[in-house]
Amino acid sequence: MVRWFEWAVDDTISEQAWHRTELFDEDIDFQSSTWNEGEEGYEDWHTFYLRAVDDQYARSVSAKPFFNAHTIAPTSRIVRPTPEVDAKWAKLVRISWAGEDLDATNPEKRPVAYEI
């Protein structure tokens with residue numbers, strides 16, 4: 001009888017690598033931080049390790065699929081002031097912007113953050 005599962009991402013050696021769960025599925029965020037010019041997005045290769053622990057505390061051999069986490073880069077645009085050729089702006093200017101993240105998990109499809 002399976003008592004719980006243990007999972008890890010990429011690292012199985014460090015002390016905090018393994019996570020324990022009694023669930024049979026979970027939503028797990030995987031990092032995608034390497035820019036892929038040809039795909040116009042970010043990606044990273046990962047290995048996901050999963051093993052079961054039974055009622056006698058024996059552990060199964062780990063299942064370990066290898067996959068590429070890919071994300072589409074978000075877009076951003078300046079909304080205000082409207083950019084004009086040779087525009088003269090005051091010393092203090094309020095700039096407004098908007099963005100869209102096509103593969104975001106939130107329904108508004110907004111980027112998580114903006115960098116200035």
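All of the numbers you see were taken from the coordinates with simple rules; none came from a lab. Source: prediction; values computed, not measured. Cβ atoms come from the backbone with ideal geometry, glycine included; neighbour counts cover every protein chain shown.
For LYS64, the aspartates and glutamates whose Cα falls under 13 Å of its own Cα, not counting residues fewer than eight places away in the same chain, are GLU6, ASP10, ASP11. Counted over the chain with a bin width of 5 Å, the fraction of Cα pairs per bin, in whole percents, is 2, 9, 13, 15, 12, 11, 10, 8, 6, 5, 4, 3, 2, 1, 0, 0.
Each semi-axis of the equivalent ellipsoid for the stretch 74-116 is √(5λ) with λ an eigenvalue of the Cα gyration tensor; in descending order they amount to 27, 10, 7 Å.
The loop-placed chymotrypsin sites (Phe, Trp or Tyr not before Pro) in the stretch 39-116, going by DSSP, that have at most 16 neighbouring Cβ atoms within 10 Å of their Cβ come out as TYR57, TRP89, TYR114.
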